[in-house]
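Quick notes on the structure that follows.
The values are calculated or read from the model by the stated rules, or taken from the named source; none is laboratory data. Treat the numbers as computed from the prediction; the structure is a model and nothing was measured. Here the Cβ positions follow ideal geometry from the backbone for every residue, glycine too, while neighbour counts run over all protein chains shown. Surface accessibility is based on the protein's heavy atoms, side chains included, excluding ligands, DNA and RNA. Shrake-Rupley method; radii C 1.70, N 1.55, O 1.52, S 1.80 Å.
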Amino acid sequence: MNSFEVIKANGDRETFKLSKLRQSLTNAGAQPPVIKDVINNLEEEGYFIDGITTKKIYKAAYDLLRDKSDHVAGRYKLKEALFELGPSGFPFELLVSEIFNRLGYKTKVGEIVQGKCVSHEIDVIAEDDDSVYMIECKFHNRQSHKSTVTTPLYIHSRFLDVHENWKTQPHYQDKTSYGYVVTNTRFTSDALDYAQCVNLKLLSWDYPLNTGLKHLIERTKLHPITSLSSLTKKEKQLLLDNKIIHCKQILDNQDILKKLHLSNVKRTRITSEATSLLNE
């Protein structure tokens with residue numbers, strides 16, 4: 001295969017690295033024979049050409065995986081599945097809340113909290129016996145949209161106002177409080193530098209290293225329902241509108257699927273895919 005350049009989501013061009021594609025397929029759980037077959041198919045069908053977008057390569061690889069294994073395709077689609085939690089950011093807030101809940105924190109969503117100067121609506125509050133986090137969720141529906149330094153600057157100022165009030169409340173006096181920003185994309189380098197300087201915690205798709213959003217979703221097995229290829233776009237949106245955000249909710253209460261008026265065969269396929277995705 002000759003060297004060629006691809007166009008990334010942000011419009012930048014870079015040399016295509018087959019190792020990155022192979023690694024992403026491996027991370028999704030694809031076995032070596034499947035990976036080899038996917039790569040061979042992509043090359044034979046003319047996807048390895050100069051100027052092609054990474055999105056087109058990803059979509060073609062996903063379609064090939066889906067023909068071979070729904071749950072592997074679902075894991076491969078995780079990043080895109082997060083974008084499909086829109087258009088509002090509320091489903092993403094619910095997912096973030098549930099992730100922190102699974103990590104051992106008590107969580108609240110959409111709380112109005114009084115600061116020293118003004119009141120604030122906080123996306124997620126997470127606390128345990130020692131710590132309390134004021135979490136702002138920044139949902140983007142495009143991979144190219146990064147959170148700039150403006151976001152942590154704004155959130156940190158809000159946190160400081162809330163922190164001043166929390167210091168006067170007996171419930172919080174023995175706990176360490178932190179500001180926190182969570183996004184489904186990435187932060188700019190300035191945003192990372194500023195947050196580190198003021199001790200503001202950040203969580204993005206792949207930050208912090210090895211404990212980013214991708215890893216936490218895998219660890220807590222909270223794959224969004226938008227990962228499921230057995231659901232149509234309309235069916236996914238109906239579930240999201242009913243606050244059904246992740247696959248485990250479907251498995252814990254399969255009556256949820258009756259709201260979609262699906263056939264028994266379709267419901268069985270959905271639960272089977274969700275089970276395989278979470279058990280892999």
List the lysines whose Cα lies under 17 Å from the Cα of Lys116, skipping any in the same chain that are fewer than 8 positions away.
Lys167
Using a 1.4 Å probe on the protein heavy atoms, what percent of the accessible area of the chain belongs to carbon and sulfur?
47 percent
Three-way shape call for region 4-154 based on the alpha-carbon gyration tensor, with the a/c threshold at 1.5
prolate
Surface per residue (accessible, 1.4 Å probe) for region 1-106, Å²:
52 Å²
Note on the chain: alpha-carbon gyration tensor, axes a ≥ b ≥ c; rule is a/c under 1.5 for rounded, else prolate if a/b larger than b/c, else oblate; result oblate
Once the in-chain neighbours fewer than 8 apart are removed, the lysines whose Cα is under 16 Å from Lys266 read Lys233, Lys234, Lys236, Lys258
Please report the relative contact order for the chain, taking Cα pairs under 8 Å with a sequence separation of at least 6, and give it as a percent rounded to a whole number.
16 percent
For Ile52, what residues show an amide H to amide H distance below 5 Å, using hydrogens built from the backbone and excluding near sequence neighbours?
Ile7
Taking Cα centroids, how far is region 176-234 from region 115-153 in Å?
12 Å
Dipole moment magnitude, nearest 20 debye, region 122-181 about Cα centre, only Lys, Arg, Asp, Glu C-beta charged
480 debye
Given axes a ≥ b ≥ c from the Cα gyration tensor, I'd like to know whether region 55-123 is rounded (a/c under 1.5), prolate (a/b larger than b/c) or oblate.
prolate
Using only DSSP helix segments of four residues or longer, with each worth -39500 (n - 2.57), what per-residue ellipticity at 222 nm results for the chain after dividing by its residue count and rounding to 500?
-14000 deg cm²/dmol
Which of the aspartates and glutamates could be linked to Lys243 by a straight reach, that is with a Cα gap under 13 Å, when you skip same-chain ones fewer than 8 residues away?
Glu93, Glu98, Glu235
Which pairs in the list Lys79/Lys138; Lys56/Lys79; Lys8/Lys79; Lys146/Lys248; Lys8/Lys201; Lys146/Lys214 are over 19 Å apart, alpha-carbon to alpha-carbon?
Lys146/Lys248; Lys8/Lys201
With a 1.4 Å probe and every protein chain left in place, work out the accessible area per residue of region 119-272 in Å², rounded to a whole number.
50 Å²
